[in-house]
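The values are calculated or read from the model by the stated rules, or taken from the named source; none is laboratory data. Being a predicted model, the structure only gives us computed values, none of them experimental. Here Cβ is always computed from backbone atoms with ideal geometry, including for glycine, and neighbour counts include all displayed protein chains. SASA here: full protein model, heavy atoms, side chains in, ligands and nucleic acids out. Shrake-Rupley method; radii C 1.70, N 1.55, O 1.52, S 1.80 Å.
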Amino acid sequence: MRSKTIEYRNNRLRIIDQRSLPKKLIYRECRNLKDAHYCIKTLAVRGAPAIGVFAAYALYVGMKDKKAAGREAFFKQLDKAAGYLKTARPTAVNLFWAIDRMQGLALKKSRLDVNRIKKAMLDEARKIHREDVSMCEQIGRNGARLIKRGDTIITHCNAGALATSGEGTALSVIYRAEREGKRVKVFTDETRPLLQGARLSAWELKRGGIDVTLICDNMAATLMRQGKIDKAIVGADRIAANGDFANKIGTYGLAVLAKEHGVPFYVAAPSSTFDFSLRTGADIPIEQRGADEVRRFAGVATAPGNVKVYNPAFDVTPNHLVSAIITEKGIFKKPCTRSLKEI
Ligand code: MRU
């Protein structure tokens, strides 16, 4: 049975602590805003849709015990909490989308007393959670139409159940195709520096009964040249109005390789990952992370301790390298500003 990535039960917000995988499956309870910020920043919870769902609950958790002297004070505290949570990571738009939606809802209920506003916020977080589950399901259903029996698919990072509250985006397509009897095979890139492909995708695909093979990031070109890959499917952290998108560093390289070798390259993402306020991918903020993520792994030095490091966590793939974007609303072939307007 699939373990729940995010859970809100008996007034407690729990997540799978993804930093411990694949060694240990442990849950972590998040009790306040500071802890929620820490969980997002350190990737205990990660993946754009999961960050959004988690942030929605976290904002409620951060507000529920606050004693405000009236509505005005409550909204001041809410603004502060929302602003703080938004500083956890910059690239996945789902974080900002979910927090804005929670604040918007609270404002809409601003005539109610504070306790009822809080209750409405919990209801909204639960709604965001349910919607995420069903968006994943629909993405899987739509995307599976593109998969042929016996296809071998390459994926990068983790856009699976661990990155959402459902079955994932890219991996939801794979799970669905498998349930339809298409007997797919998957290659997952290990995804340096933090190994989301090796630690998370390989773990969850194996648990899900999918035929998965792990490769190092620099092996994808050879596999494509050998004709071993039929399709590439990845997730996204933010998609601009013209279909350029940010995803885990290395995605752009994979897209260039796919183009060179005639491999269709698909992006699977819910509508909460689109940012129509940005005209192109050049405007997407790219997170820079700490040097030790590259210099060390699991406490072991993998490079000289004083070597300079450049560590952007995401890259931007231009729309012309994308064969189609798979969303819960349908498949958008050759995405561009005009075709995506429909969303
Ligand atoms: O740094 P991470 O692990 O949060 O990066 C995650 C990704 O790049 C995923 O591919 C993306 O969020 C899509 S998840 C459905």
### Summary
Once both label points are put 7 Å beyond Cα along the C-beta direction, the Ala298-Glu72 separation in nm becomes 5.6 nm
### Task
Work out, step by step, the length gained on full extension between Lys334 and Lys228: first 0.36 nm times the residue separation, then minus their alpha carbon distance; give nm to one decimal.
35.8 nm
### Task
Enter the Cα centre distance for the pair the stretch 165-229 and the stretch 66-95, rounded to the nearest angstrom.
37 Å
### Query
Which residue, Gly197, Gly166, Gly209, tops the fluctuation ranking in a GNM of the chain built on C-alpha contacts under 10 Å?
Gly209
### Cα pair distances of the chain binned at 20 Å [whole percent]
32, 57, 11, 0
#### Entry: Cα-based Rg and Dmax for the stretch 20-65, where Dmax is the largest Cα-Cα distance (Å)
10.9, 35
### Query
What's the percent breakdown of Cα-Cα distances in the stretch 6-137 across 5 Å bins, shortest bin first?
2, 11, 23, 24, 20, 12, 5, 2, 1, 0
### Query
Tell me which aspartates and glutamates have Cα within less than 13 Å of Lys308's Cα, excluding those fewer than 8 residues away on the same chain?
Asp292, Glu293
### Message
To test your reading of the geometry: what angle, between 0 and 90 degrees and rounded to tens, separates the Cα axis of helix 170-179 from the longest principal axis of the chain?
### Response
70 degrees
### Query
To the nearest 10 degrees, how steeply does helix 71-85 sit against the main Cα axis of the chain, on a 0 to 90 scale?
20 degrees
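From the C-alpha coordinates alone, can you work out the Kirkwood hydrodynamic radius of the stretch 170-245, in Å? Walk me through the numbers on the way to the answer.
Details: mean 1/r = 0.0738 Å⁻¹.
About 13.6 Å, per the Kirkwood formula over Cα pairs.
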### Query
If you count the DSSP beta bridges with both ends in the stretch 113-235, what percent of them are antiparallel, to the nearest 5?
10 percent
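Ranked by accessible surface with a 1.4 Å probe, highest first, in what order do Leu146, Leu254 come?
On the way: Leu146 30, Leu254 5 Å².
From most accessible down to least: Leu146, Leu254.
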### Query
Taking only Cα atoms, what is the 0 to 90° angle, nearest 10, from helix 93-108's long axis to the longest principal axis of the chain?
30 degrees
### Summary
Expressed in square angstrom to the nearest 10, the accessible area of Asp123 with a 1.4 Å probe stands at 70 Å²
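Mean separation of Cα pairs under 8 Å and 6+ residues apart, divided by the residue count of the stretch 144-340: what relative contact order is that in percent? Numbers along the way, then the final one.
Numbers: 405 pairs, mean separation 39.2, N = 197.
Once normalised by length, the contact order is 20 percent.
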### Task
Please work out how much length the chain gains when fully extended from Thr87 to Asn32, using 0.36 nm per residue of separation minus the C-alpha to C-alpha distance, in nm with one decimal.
18.3 nm
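Work out, step by step, the length gained on full extension between Met219 and Arg130: first 0.36 nm times the residue separation, then minus their alpha carbon distance; give nm to one decimal. Let's see the in-between values first.
Numbers: separation 89, 0.36 × 89 = 32.04 nm, distance 3.76 nm.
The Met219-Arg130 span can extend by a further 28.3 nm.
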### Summary
Over 27 Å (Cα to Cα) among Lys24/Lys248; Lys127/Lys341; Lys231/Lys329; Lys4/Lys80 -> Lys4/Lys80
### Message
Restricting to Cα pairs below 8 Å that are 6+ residues apart, what does the relative contact order work out to for the chain? Please round to a whole percent.
### Response
16 percent
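Filter the chymotrypsin sites (Phe, Trp or Tyr not before Pro) in the stretch 289-343 to those in DSSP coil with at most 10 other Cβ atoms within 10 Å of their Cβ, and list the result. Display every interim value, and only then the final one.
Values: sites: Phe297, Tyr310, Phe314, Phe332; in loops: Tyr310.
Sites meeting the loop and neighbour criteria: Tyr310.
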### Summary
The farthest towards the positive end of the charge dipole of the chain, of the residues Ser271, Asn11, Val93, given +1 on Cβ of Lys and Arg and -1 on Cβ of Asp and Glu, is Asn11
### Value at 222 nm in deg cm²/dmol, rounded to 500, when DSSP H runs of n ≥ 4 in the chain each add -39,500 (n - 2.57)
-11500 deg cm²/dmol
### Message
Test of understanding: extend the Cα→C-beta vector of Arg207 to 7 Å, then name every residue of the stretch 124-159 with backbone N under 15 Å from that spot.
### Response
158-159
